[in-house]
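A short worksheet on the structure shown next.
The values are calculated or read from the model by the stated rules, or taken from the named source; none is laboratory data. Quantities reported herein were computed from a predicted structural model and do not represent experimental measurements. Please note: Cβ atoms are built from the backbone with ideal geometry, for glycine as well, and neighbour counts cover all protein chains shown. Remember, those area values only see protein heavy atoms, side chains included, never the ligands or the DNA or RNA. Shrake-Rupley method; radii C 1.70, N 1.55, O 1.52, S 1.80 Å.
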Amino acid sequence: MALIQISDLHKTYHMGDVEVNALCGVSFAIEAGEHMAIMGPSGSGKSTLMNLLGCLDTPTSGAYLLDGEDVSRLDGDRLAAVRNRQIGFVFQQFNLLSKESAVQNVELPLIYAGVPDRRERAMAALERVGLADRAHHRPRELSGGQQQRVAIARALVNSPSIVMADEPTGNLDTKTGLEILQVFDELNDEGITLVMVTHDPRVAERCKRVMRLVDGEVVSDVFNHQEAAVGDLI
Amino acid sequence: MSLMEAIRSAYSSLMANKSRSILTMLGVIIGVASVLIVVAIGEGLKTDTINRIRGMGANLLTIRPGGGDEGWRASRPGRLTEEDVKALQEQARHISAVAPVVQTNGNAKYRNLSHTTGVVGATTVWPKVMAFEMAYGRFLTTSEERARSRVAVLGQEVVNELFYGRPLIGEFIRINGVPFEVIGILSEKGGGFGDPDDQIVIPITTARQRLVGDADLRNIYVSAATEEEVPEAIESIKQVLRRAHRVNEFTEDFRIRDQSEMLATMTETTSQITMFVSGIALVSLIVGGVGIMNIMLVSVTERTREIGIRKAVGARRNDILAQFLIESVMLSLIGGVIGLSLGWIGSEMLGDTLGWATIVPSWAIAVSLLFSGAVGIFFGFYPAQKAAALDPIECLRYE
């Protein structure tokens, strides 16, 4: 069974009187251990899809099975629990708490999970991204690349089923961006499932699967640079 | 999220904005401090009054002219005369002494010092009935009373004002221009208003001749034979005076108060004043609460992104609600504790200037803390609720 199974997902926003169809019947599956990029121009619905996949939002219609559980109809608190257990986020803006140290930032998901030995686990996660020596620095004392590593450690600390990255290199220079992508590659090699939203082709290039969205529909979904029909995946 | 974790996080976020936190607390600080000071003054005054009335002895009965009302003022006019005193001495039972008193205000002078005070014309039994001891010298004698001698016994406060506290027995002072020899000094009873130490006692006969003329008696003080016989003594006095004044129980033109009644009236009055003023002070505590709400609303807006991050990594509604609620309760509680300490210090300092010891009762401490905690919850709830209801996606997009 696939880690993520999505069928006929719709998302409609109401902007005043106007209805905006951000997603119009998207269906696909993601297996455990995949390394996938979602691409598309702005307004294509990729952010909406990312929010749905990350359980930050619920679809207007359609089904979303995450690890066998239907998460498309959960309320806010249940979604929060699913995010806490199953999903790690890496954002373009890093989104670290500026008043807390690196290790305290990494601990944050563990606090809400009520885990007892969180300092050890947070340190282990920082070590994994090569930042153990910066554990007690505040975000503003760290470079952009280091901050993004802290964010990655935070995404990993709860051993989630899947890590979602939204333009993770968008705020970094090319060299640092490559280093961060290297970190992601290594994590994927260790078996972590990755989904990245990007419009940078160099990011997409390194992913094993690239899906393209236009106007809320999947227009292509390619494995190892081979075109495959969307329908075949389901 | 554990409570300890929440408290730690609330504390660090308050410390991150120190000056703002302190300004926000100011309302609560002032509110709690003023409530505490008012209560401390009131309680102190109450205790002082009780002690003073107790100091007069539990068998003291006070007969006042005029009747018909339960309060301090009389609705029916009446008079107390020397005949009444005589009648009481001869006929009333269960009593041990009768002390009639005339009273006026007089100006006492010694060399170039002067002091305006109450001048009491009394008889020889006065110190026994009023439970006064002599500190120096002696009290009036029967022969002095008969001879209308110009002799005076001073209260401690008068000694302080005229003699700089020295016990100058045998010196002469002038009361409204009339020279009097100081023969004794009363021992101190402790201040307050209607200060019992601020008076001069002279023979009642001298007072009539020199100061008040043939005015009515101000009061007649009576000592019941024992504390247990107070009710019988009151009953007996009533019968004697009714007969002397030719009145019945409905047209009585005098009132008799015992010390317990006096206590009840005085403590009730001070309690009412205390309640009223602390009610006003409480309003500033509520204003302080509005200040907290205002700042918490600002804080929620400022920290929208933080709320988004916390929600994204798994914070539930109640986690966010608790976080902000704990912050506002912490603000108001810390404010409450600071207010308590300031109020305590303030009331101690006031006590020194007021002349009676202020008392901070433990219930006032408990109530202040509870109330400031409640203010934090009440005024923190709306902002916390607002934070908890935010949508994580909106928050993460917020610049």
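The table below lists the values:
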{"item": "Residue match in region A:115-123 (condition: within 21 Å of the chain's Cα centre (by Cα) and loosely packed, with under 15 Cβ neighbours inside 10 Å)", "result": "no"}
{"item": "Every pair of residues 6+ apart whose Cβ atoms lie under 7 Å, when the first sits in region A:193-214 and is open to solvent by 60 Å² or more (accessible area, probe 1.4 Å) while the second is charged (D, E, K, R) and part of a loop (DSSP other than H, G, I, E, B)", "result": "A:Lys208/A:Glu34"}
{"item": "Test for A:Gly68: is it surrounded by fewer than 17 Cβ atoms within 10 Å (Cβ to Cβ) and facing chain B (nearest Cβ under 7 Å)", "result": "no"}
{"item": "Residue that is farthest from B:Gly44 (Cα to Cα), among those in region B:254-267 that are open to solvent by 30 Å² or more (accessible area, probe 1.4 Å) and in contact with a helix residue (DSSP H, G or I) (Cβ under 7 Å, 6 or more places away or on another chain)", "result": "B:Leu263"}
{"item": "Selection from region A:14-27 of residues that are under 16 Å from A:Ser47 (Cβ atoms), open to solvent by less than 70 Å² (accessible area, probe 1.4 Å) and touching a residue at least 24 places away in the same chain (Cβ under 8 Å)", "result": "A:Ala22, A:Leu23, A:Cys24, A:Val26"}
{"item": "Residue within region B:30-53 that is on the phi > 0 side of the Ramachandran plot and either touching a strand residue (DSSP E or B) at 6+ places or on another chain (Cβ under 9 Å) or modelled with pLDDT of 85 or more (or both) present", "result": "no"}
{"item": "Residue, least open to solvent (accessible area, probe 1.4 Å), within region B:101-119, restricted to residues that are of a type outside the set (Val, Ile, Thr) and under 23 Å from B:Gly57 (Cβ atoms)", "result": "B:Gly118"}
{"item": "Only listed residue being within 14 Å of chain B (Cβ to nearest Cβ) and within 14 Å of A:His35 (Cα to Cα), chosen from A:Val195, A:Val210, A:Val163, A:Val157", "result": "A:Val163"}
{"item": "Flag if B:Thr301 is surrounded by fewer than 17 Cβ atoms within 10 Å (Cβ to Cβ), assigned to a helix (DSSP H, G or I) and either over 38 Å from the mean Cα position of the chain (by Cα) or away from chain A (no Cβ under 14 Å) (or both)", "result": "yes"}
{"item": "Residue list for region B:86-100, restricted to those being open to solvent by less than 10 Å² (accessible area, probe 1.4 Å) and either out of contact with any Ser or Thr (no Cβ under 9 Å at 6 or more places or on another chain) or assigned to a helix (DSSP H, G or I) (or both)", "result": "B:Leu88"}
{"item": "Residue check, A:Gly40 surrounded by 18 or more Cβ atoms within 10 Å (Cβ to Cβ) and out of contact with any Gly (no Cβ under 9 Å at 6 or more places or on another chain)", "result": "yes"}
{"item": "Residue check, A:Leu79 without any contact (Cβ under 8 Å) to a residue 40 or more places away in the chain and more than 8 Å from chain B (Cβ to nearest Cβ)", "result": "yes"}
{"item": "Qualifying residue in region A:49-60 (condition: open to solvent by 20 Å² or more (accessible area, probe 1.4 Å), more than 30 Å from A:Gln148 (Cβ to Cβ) and part of a strand (DSSP E or B))", "result": "no"}
{"item": "Candidates B:Glu249, B:Glu327, B:Glu235 - the one that is open to solvent by 30 Å² or more (accessible area, probe 1.4 Å), in a helix (DSSP H, G or I) and charged (D, E, K, R)", "result": "B:Glu235"}
{"item": "Which numbered condition A:Glu141 misses (of (1) within 23 Å of A:Met196 (Cα to Cα); (2) acidic (Asp, Glu); (3) more than 14 Å from chain B (Cβ to nearest Cβ))", "result": "(1)"}
{"item": "Positions within region B:304-337 being more than 11 Å from every other protein chain (Cβ to nearest Cβ) and without any contact (Cβ under 8 Å) to a residue 40 or more places away in the chain, in sequence order", "result": "B:Val337"}
{"item": "Where A:Ala37 falls short, out of the listed (1) more than 28 Å from B:Glu306 (Cα to Cα); (2) in a strand (DSSP E or B); (3) not aromatic (Phe, Trp, Tyr)", "result": "(1)"}
{"item": "Of all residues in region A:129-168 being of a type in the set (S, T, N, Q) and touching a residue at least 60 places away in the same chain (Cβ under 8 Å), the one that is nearest to A:Gly54 (Cα to Cα)", "result": "A:Ser161"}
{"item": "Qualifying residues in region B:1-15 (those that are within 11 Å of chain A (Cβ to nearest Cβ) and open to solvent by 80 Å² or more (accessible area, probe 1.4 Å)) - the one farthest from A:Ala81 (Cα to Cα)", "result": "B:Arg8"}
{"item": "Residue tally, condition closer than 27 Å to B:Glu348 by Cα and either open to solvent by 50 Å² or more (accessible area, probe 1.4 Å) or not aliphatic (A, V, I, L, M) (or both), over region B:16-45", "result": "11"}
{"item": "Hits in region A:90-104 (condition: within 9 Å of another protein chain (Cβ to nearest Cβ) and touching a helix residue (DSSP H, G or I) at 6+ places or on another chain (Cβ under 6 Å))", "result": "A:Asn95, A:Leu96, A:Leu97, A:Ser98"}
{"item": "First in region A:39-66 and within 18 Å of A:Pro201 (Cα to Cα), second anywhere and in a helix (DSSP H, G or I) and hydrophobic (A, V, I, L, M, F, W, C), Cβ under 7 Å, 6 or more apart", "result": "A:Met39/A:Ala204"}
{"item": "Candidates A:Leu131, A:Leu142, filtered to the one that is of a type outside the set (Val, Ile, Thr) and open to solvent by less than 10 Å² (accessible area, probe 1.4 Å)", "result": "A:Leu131"}
